[in-house]
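Okay, structure first, notes after.
The values are calculated or read from the model by the stated rules, or taken from the named source; none is laboratory data. Treat the numbers as computed from the prediction; the structure is a model and nothing was measured. Glycine gets a Cβ as well: all are built from the backbone with ideal geometry, and neighbour counts include every protein chain shown. Accessible surface areas use protein heavy atoms only, side chains included; no ligands, DNA or RNA. Shrake-Rupley method; radii C 1.70, N 1.55, O 1.52, S 1.80 Å.
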Amino acid sequence: MGMSSDNIHGLVLAVSSSVFIGSSFIIKKKGLIKAGNTGIRAGAGGFSYLHEPLWWAGMITMIVGEIANFAAYAYAPAILVTPLGALSIIFSAVLAHFILAEKLHIFGVLGCILCMVGSTSIVLHAPQERLITSVKQVWQLATEPGFLVYTCIVLIVVAVLIFQYVPHYGKTHMVVYVGICSLMGSLTVMSVKALGIALKLTFEGSNQFIYFETWFFTVVVIGCCLLQINYLNKALDTFNTAVISPVYYVMFTSFTILASMIMFKDWDSQNGAQIVTQLCGFVTILSGTFLLHKTKDMGNPTPGETPVFRSPTHPIVQSNPR
């Protein structure tokens, strides 16, 4: 079964998003280096990079990538879009090798290949996007018993983590902060997809902002994003970025796929072989992501970490050697 036009649009937007976001890491890094040569470095508490046009070019590139990522959810299933976020690592690693002279070790090359193979597997076997003509249809899917139960479980677990586990274990157990971000991230992506569909239909001439449901999804997106950013920043400030990134990726993507499967019933139209192939593709991407992060400092004499991107709907947290 061939890909639908919506899936193709979503695929192009998702890949474009990874290209822009992956490139933005390198552009911003170049800007930080250039600003550090003439002023106080960001790592030392300086803000001279705010006067560096190259850094702002990187920020604009990142924003374009995030817009493309947002739009991708309006066209394609989350099962297709979310795992492709790992492609930004490939573009960043390859560009860093040629532009920043950060050596890409042979195992890093293998990690890139694994990400490509896994992404191809998911793309070729992704489910077709459901035909939706109104945000009210999304609301109906979101208020079905299955997804309501999932939402309640997520909110209860997140509340327990925040009020019971964060005060006692937040600074010693990474999974507490990452779990909050990943669980809320699955609800964020579902709301982002609903809002993206509403915007797409509005641009096509069917105004969806006259409905209460559209504004509800907008509020959920804002609230979930703020909560995620808060706890992701705590995680990045407390733990090693190289460890957080692959763990966050697998948890975020797993919960997002589960939420999409429950809400949009993405796998209802697929057979067992297609589902297993997608899961194998996801595991392959995970293996490549883990390999890239474990070997990212090989061949670099003075490794360090600079968390440069924290996105609620794009789970890759990049770190670059100084």
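Quick one: which helices (runs of 4 or more DSSP H) lie wholly within the range 62-152 and hold at least 2 residues that are under 30 Å from Gly31 (Cβ atoms), among the small types (Gly, Ala, Ser) and open to solvent by less than 40 Å² (accessible area, probe 1.4 Å)?
Values: elements: 78-81, 87-99, 106-124, 135-142.
Hits in the range 62-152: 87-99, 106-124.
Out of (1) within 19 Å of the chain's Cα centre (by Cα); (2) farther than 25 Å from Phe147 by Cβ; (3) not hydrophobic (A, V, I, L, M, F, W, C), the odd one out for Tyr249 is which?
Exception for Tyr249: condition (2).
Filter the range 1-22 down to the residues that are at pLDDT below 90 and surrounded by fewer than 20 Cβ atoms within 10 Å (Cβ to Cβ) and list them by number.
Those that are at pLDDT below 90 and surrounded by fewer than 20 Cβ atoms within 10 Å (Cβ to Cβ): Met1, Gly2, Met3, Ser4, Ser5, Asp6.
Taking the options Thr238, Thr256, name whichever one is at pLDDT 85 or above and farther than 14 Å from Pro127 by Cβ.
None of the others qualify; the one that does is Thr256.
Which of the residues belonging to the range 33-81 are among the β-branched types (Val, Ile, Thr) and at pLDDT below 90?
So in the range 33-81, the residues among the β-branched types (Val, Ile, Thr) come out as 33, 38, 40, 60-61, 63-64, 67, 79, 81.
Passing the criteria: Ile33, Thr38, Ile40, Ile79.
Identify all residues within the range 31-55 that are in contact (Cβ under 8 Å) with a residue 24 or more places away in the chain and buried (at least 18 other Cβ atoms within 10 Å of the Cβ); write none if there are none.
Residues satisfying the conditions are Gly31, Leu32, Ala42, Trp55.
Each row is one residue, and each column tells you yes or no for (1) at pLDDT 95 or above; (2) within 18 Å of the chain's Cα centre (by Cα); (3) surrounded by fewer than 24 Cβ atoms within 10 Å (Cβ to Cβ).
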| residue | (1), (2), (3) |
| --- | --- |
| Gly170 | no, no, yes |
| His173 | no, no, yes |
| Tyr177 | no, yes, no |
| Ile180 | yes, yes, no |
| Leu187 | yes, yes, no |
| Glu204 | no, no, yes |
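Among the residues of the range 253-281, write down those that are of a type in the set (Asp, Glu) and open to solvent by less than 40 Å² (accessible area, probe 1.4 Å). Lay out the reasoning, then the answer.
So in the range 253-281, the residues of a type in the set (Asp, Glu) come out as 266, 268.
Residue satisfying the conditions is Asp266 alone.
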